[in-house]
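The values are calculated or read from the model by the stated rules, or taken from the named source; none is laboratory data. Keep in mind that what you see is a predicted model, and the values were worked out from it rather than measured. Note that each Cβ is placed from the backbone with ideal geometry, even for glycine, and that neighbours are counted across all protein chains shown.
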Amino acid sequence: MESTSGSRISARTLLSLAGELRDDSAAYEALAERIRLLIVDGRIPVGTRLPSERELAVQSGRSRTTIVAAYQSLRDSGHVLSRQGSGSRVTLPRLGRQDYRPSGEGENFGVDFARAVPPPVEGLAEIIADASSSMPLALAAPGFDLLGTLSLRSAIADRYAARGLPTTADQIIVTMGAQHAISLTAHTLLTRSDVVLVESPTYPHAYEAMRRAGARLIATPVTTGGWEIDHLVETIERMRPALAYLIPDFHNPTGASMRPEDRVRVTEAARAAGTILVVDETTADLSIDRPWDDGPFARHARGASPFSGSGVVTVGSLSKAAWAGLRIGWIRADAALIRRFVQARPAGDLGTPQIEQLLAERIVRALPELLPRRREQMRRHRDALHEALSLHLPEWQVPLPDGGLSMWVHLAQSASSAMTSLSEARGLALVAGPKFSIDGSLERFLRVPFTAPIADLEAGTRMLADAWAQLSARDVRSMADTRLPEMV
């Protein structure tokens, strides 16, 4: 496995993650196994430099012989690579070929747990019907539109302002969905071999867009409990990445939300390092019962302009809040950056369709009324899935996220790819945990969306339980996932 991270973990941090060690002759085995699990789960990203044997011995109060034996065990299992002069770095063993490419068209599944695509929000049909009489107005507009209509950009800007981030229409470009916005950002702002920081796990199509633009990716860990903020800030300060891609609200896939005080630390570190923060807020409107709302992330960043948000590129979309079939997204950034996006856009597309923009303006203006309906809709689905998983798979660690569209489930063993293969044979579409990492880790996790109809959530959970029961009697190491369904 290629080493892509240049960060270092301190002995103190490593020991806090590993937990208390026992006092016996096998202490080195316990330490090695705990570090191994942290690597496999993505808590210590591939490429991270471990503390020296001497430093770890001093900090832990163990003999250097114990630490040397633990590191040797990690080298023997393929989880650490040591080189003279460069220390010991985290890697992953090659356990056989694993292909995580999406399957082609024609795959038919009885239940879809691969795509986190919610149903249309309640009340959307009425907005579409009411807007139909205005659709002929689109004929008076230009045939293509690189920037977006002024009325839609103003509606989006007004919503940012209402949530505490002063914004004008010239700070908005309308795109064909959030993925288009991410890709446009990557290809406009990155040059080949630029370093880009991403979370692990993260939204796969985002890091794919960064890689396609020629970026060299490094990772910082996220769990259902949140970010390792010290690691994130230290990595920004040390590596000075060109971009850092973050999902701070109802993170996809963990469901975590970054605390307001941590957002301040991240923006300050990025400003000092010259790093542009690409903040994906496509899930920011999907609170179910989070007791706080910090507003747009970019409000913590202030630059030379009279508006806050300098140095932050914010990506938004209507696909999660309203309907995935409406391919409308946007980028909010400094006006100078928006002009660069407009200049770069014709190489990929010639603009956003007019009819969709007419409809999108009405939906954006109606979001204060629509979002409570979405919240209640997703509450019912979340609670149904949590109850079903807890009942049928009690050995799994099933979180109860306070927003978003999915659960980041912690399995009882490293069997995510094996579960994907077994579930596929039963008609259940899944995406293995490693798809959400840049280094092939996270085999102990599955993303399980709660966006399907409630009857499908219950049926899919029974399929998962059946596959898990079969898996428990098999050697999971012999199973390799060869096909994956389309994932969103």
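Sort out for me the helices (runs of 4 or more DSSP H) sitting completely within the range 1-104 that have 2 or more residues that are at pLDDT 85 or above, on the phi < 0 side of the Ramachandran plot and of a type in the set (Ser, Thr, Tyr). Even if it seems obvious, please write down each step before you answer.
Values: elements: 11-18, 27-40, 53-60, 64-76.
Counting at least 2 such residues, we get 64-76.
Within the range 415-425, take every residue that is of a type in the set (Gly, Ala, Ser) and crowded, with 18+ Cβ neighbours inside 10 Å and give me the one that is modelled with the lowest pLDDT.
Here is the first cut: in the range 415-425, the residues of a type in the set (Gly, Ala, Ser) are 415-418, 421, 423, 425.
Filter again for crowded, with 18+ Cβ neighbours inside 10 Å, leaving 415-418, 421, 423.
On the way: 415: 90, 416: 92, 417: 88, 418: 89, 421: 83, 423: 91.
The selected residue is 421.
Helices (runs of 4 or more DSSP H) wholly in the range 181-289 with at least 2 residues that are buried (at least 19 other Cβ atoms within 10 Å of the Cβ) and either within 11 Å of the chain's Cα centre (by Cα) or not assigned by TED's automatic domain parsing to the domain that holds residue 147 (or both) - which ones? Steps first, answer last, please.
Working: elements: 204-212, 229-239, 260-273.
Per the criteria, 204-212.
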